[in-house]
Amino acid sequence: MEDTIQAKAVARYVRISPRKVGIVLDLIRSQPLDKALAILQYTPKSASEVLFKLVNSAAANAENNHNMDKDNLYVAECFVSAGPTLKRIQPKDHGKAFRILKRTSHITVVLKEQEEA
């Protein structure tokens, strides 16, 4: 198995639930770069703005650090894992307190160049 060059970008401690990010990541997985950016630009989800910046960052890393051709890039891998959860309290009636879990995410996007056939 040969080593292929890959460009990676990671966003850590993003204040959005990993479940919400995963829905948008499924839309762009294994898509060409220009199509993935178009999908993110026109998807009405809160995670799409963060992912748009992250994919652009990975593309810039590919171009500047690895001398890859921007036209041949595609989203090889993209995944999200849970970051630390912020625990907050919501006051309720009769002196009760309900816990609110504010979830965070660690998002990773990996771009690779397509092999010419």
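The values are calculated or read from the model by the stated rules, or taken from the named source; none is laboratory data. Source: prediction; values computed, not measured. Positions of Cβ are generated from backbone atoms using ideal geometry, with glycine treated the same way; all protein chains shown enter the neighbour counts. These accessible areas exclude ligands, DNA and RNA; they are computed on the full protein's heavy atoms, side chains included. Shrake-Rupley method; radii C 1.70, N 1.55, O 1.52, S 1.80 Å.
Structure above, values below:
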read-out: Residue that is surrounded by the most Cβ atoms within 10 Å (Cβ to Cβ) [pool: residues in the range 49-75 that are part of a loop (DSSP other than H, G, I, E, B) and touching a residue at least 60 places away in the same chain (Cβ under 8 Å)]; value: MET68
read-out: Residues being in contact with a His (Cβ under 6 Å, 6 or more places away or on another chain) and open to solvent by 20 Å² or more (accessible area, probe 1.4 Å) - total across the range 1-36; value: 2
read-out: Checklist (1) over 15 Å from GLU77 (Cβ atoms); (2) out of contact with any Leu (no Cβ under 8 Å at 6 or more places or on another chain); (3) assigned to a loop (DSSP other than H, G, I, E, B); (4) not hydrophobic (A, V, I, L, M, F, W, C) applied to LYS20, failing item; value: (3)
read-out: Of the criteria (1) touching a strand residue (DSSP E or B) at 6+ places or on another chain (Cβ under 6 Å); (2) among the hydroxyl-bearing types (Ser, Thr, Tyr); (3) over 21 Å from ARG15 (Cβ atoms), which one TYR42 fails; value: (1)
read-out: Qualifying position, being exposed (fewer than 11 other Cβ atoms within 10 Å of the Cβ), closer than 14 Å to ILE16 by Cα and over 12 Å from the mean Cα position of the chain (by Cα), among PRO84, PRO91; value: PRO84
read-out: Criterion: assigned to a strand (DSSP E or B) and either surrounded by 12 or more Cβ atoms within 10 Å (Cβ to Cβ) or among the β-branched types (Val, Ile, Thr) (or both) - qualifying residue of ILE39, ILE100; value: ILE100
read-out: Every residue from the range 1-17 that is part of a strand (DSSP E or B) and either among the charged types (D, E, K, R) or at pLDDT 95 or above (or both); value: LYS8, ALA9, VAL10, ALA11, ARG12, TYR13, VAL14
read-out: Residues satisfying the stated conditions in the range 103-116, i.e. surrounded by 10 or more Cβ atoms within 10 Å (Cβ to Cβ) and among the acidic types (Asp, Glu); value: GLU113
